[in-house]
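Quick one: structure below, then a few questions.
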């Protein structure tokens, strides 16, 4: 089965056919590093990490680029508010982003360009746009003339009036058209800036991604991804400036966009106080739990985040790790197959249908749980672990998972208390056994007695 992807530009699922089957290129808009990432920022990191894994299974080379926006008005504001250099803000939150995304199982992209390293290339693209009549300088600014590009609005399917009404357009008397967007703008102290033919200034946000994609992946790339909120104006503007600076060559063949994350059916916003920061969520929940929930809905659909869904994801993973632990005790250890099974792969090949893939994942776990001989167990476990490797789940061991991150000393203390409890129970000293159980409960330890064996796990949260 070929990989089929929903192309936002075409408004339909299409067979994925790369320009060069030997080298697939994918660019995804990364974070603007002025604060910690929220769970909405984490969704594309997880989704396109999964797509990268899937493509890498089918093609010899997949080059995945995801940028870091390290020059932006929001970064300037954060630096001014804290009284620190802009580089300190961008470095701090870029490091935090890497740490948090790693915790939810998202691998680093192959290339991670930073905007500030590409100023010279940005100036060159702006000059090409001016020379070809698609951009103009005015009062220290350089603006893209949207009237010069007849296909403007093709991605978002909006006409000019809709685009202006649906966006925060900066009104300026020097614009030829109210929708013309900034390629370069002047800087004043303490704002960052660079020398240019149009004076001391800095690039516009939209320009940055076009240049970084061109520099590292070429004029036309296979896949461009990002959140649904970027379709307009960011991706629309990227297309306009890239196509016009490349003499009409397409910018990207396939455009993929993930849906929004809501919280308890409400949009995340500062005013509602419901913005869920990944850095904080990870203090209460395992990264794998967050990843499972992020994968539970189809990527193009909205995902509603709630404590009940988090608990459901946690219970599911507890069950999966429990199955693996029990089967390993009986028949293991197990090794992953070289490739996942076709049913699991077919689900992901169908526009990353993760709900169907997770259903197949859980079906394999059920087969493993019901295996009554070593051969059946090895076959089920091998397929399950191969699927787990691809989707980024079951990446710990049952022992580590159920310990909840307890260090060796903590784990030894817990095991010693369990042994004392088991001795007390054997001697029918139930009062002592209950006291020890209460002590363990106070430590956040949950005991599970089954088949003459006592298992333990850390309580989530």
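Answer yes or no as to whether residue 119 is out of contact with any helix residue (DSSP H, G or I) (no Cβ under 7 Å at 6 or more places or on another chain), free of Cβ contacts under 8 Å to residues at least 24 places away in the same chain, closer than 21 Å to residue 243 by Cα and assigned by TED's automatic domain parsing to the domain that holds residue 200.
Spelling it out, it is not the case that residue 119 is out of contact with any helix residue (DSSP H, G or I) (no Cβ under 7 Å at 6 or more places or on another chain), free of Cβ contacts under 8 Å to residues at least 24 places away in the same chain, closer than 21 Å to residue 243 by Cα and assigned by TED's automatic domain parsing to the domain that holds residue 200.
In the range 312-341, what residues are free of Cβ contacts under 8 Å to residues at least 40 places away in the same chain and out of contact with any helix residue (DSSP H, G or I) (no Cβ under 6 Å at 6 or more places or on another chain)?
312, 315, 329, 333, listed by residue number.
Would you confirm whether any residue within the range 232-254 is over 22 Å from residue 23 (Cβ atoms), crowded, with 17+ Cβ neighbours inside 10 Å, assigned by TED's automatic domain parsing to the domain that holds residue 132 and free of Cβ contacts under 8 Å to residues at least 12 places away in the same chain?
For the range 232-254, residues over 22 Å from residue 23 (Cβ atoms), crowded, with 17+ Cβ neighbours inside 10 Å, assigned by TED's automatic domain parsing to the domain that holds residue 132 and free of Cβ contacts under 8 Å to residues at least 12 places away in the same chain: absent.
Suppose we filter 139, 99 for residues that are closer than 28 Å to residue 36 by Cβ, surrounded by fewer than 17 Cβ atoms within 10 Å (Cβ to Cβ) and out of contact with any strand residue (DSSP E or B) (no Cβ under 6 Å at 6 or more places or on another chain); which single one remains?
99
Let me ask something else. So residue 446 fits all but one of (1) touching a strand residue (DSSP E or B) at 6+ places or on another chain (Cβ under 9 Å); (2) modelled with pLDDT of 80 or more; (3) part of a helix (DSSP H, G or I); what number is the exception?
Evaluating residue 446 over (1) touching a strand residue (DSSP E or B) at 6+ places or on another chain (Cβ under 9 Å); (2) modelled with pLDDT of 80 or more; (3) part of a helix (DSSP H, G or I) leaves (3) as the failure.
Tell me which residues, restricted to the range 349-377, are assigned to a helix (DSSP H, G or I) and buried (at least 19 other Cβ atoms within 10 Å of the Cβ).
Within the range 349-377, 349, 354, 357, 358, 360, 361, 364, 365, 368, 377 qualify.
Further question on the same structure: Which one is farthest from residue 270 (Cα to Cα), of the residues in the range 31-61 that are out of contact with any helix residue (DSSP H, G or I) (no Cβ under 8 Å at 6 or more places or on another chain) and outside any helix (DSSP H, G or I)?
60
Results for (1) part of a helix (DSSP H, G or I); (2) touching a strand residue (DSSP E or B) at 6+ places or on another chain (Cβ under 7 Å), shown as yes or no for each residue.
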{"residue": "262", "(1), (2)": "no, yes"}
{"residue": "269", "(1), (2)": "no, no"}
{"residue": "273", "(1), (2)": "no, no"}
{"residue": "288", "(1), (2)": "yes, no"}
{"residue": "297", "(1), (2)": "no, yes"}
{"residue": "300", "(1), (2)": "no, yes"}
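In addition: Exactly one condition in (1) at negative phi; (2) in contact with a helix residue (DSSP H, G or I) (Cβ under 7 Å, 6 or more places away or on another chain); (3) not in a helix (DSSP H, G or I) is false for residue 105; which is it?
So residue 105 meets the others, but not (1).
Checking residue 160 against (1) at pLDDT 95 or above; (2) closer than 30 Å to residue 8 by Cα, which test does it fail?
(1)
Could you tell me whether the range 406-428 includes any residue that is at pLDDT below 75 and under 30 Å from residue 49 (Cα atoms)?
yes
From the list 282, 320, pick out the single residue that is within 20 Å of residue 49 (Cα to Cα), assigned to a helix (DSSP H, G or I) and within 24 Å of the chain's Cα centre (by Cα).
Exactly one residue qualifies, and that residue is 282.
Related question: Regarding residue 215, is this residue surrounded by fewer than 22 Cβ atoms within 10 Å (Cβ to Cβ) and over 20 Å from residue 117 (Cα atoms)?
no
The values are calculated or read from the model by the stated rules, or taken from the named source; none is laboratory data. These numbers come from a predicted model, not from an experiment. Here the Cβ is made from the backbone with ideal geometry for all residues, glycine too, and neighbour counts use every protein chain on show.
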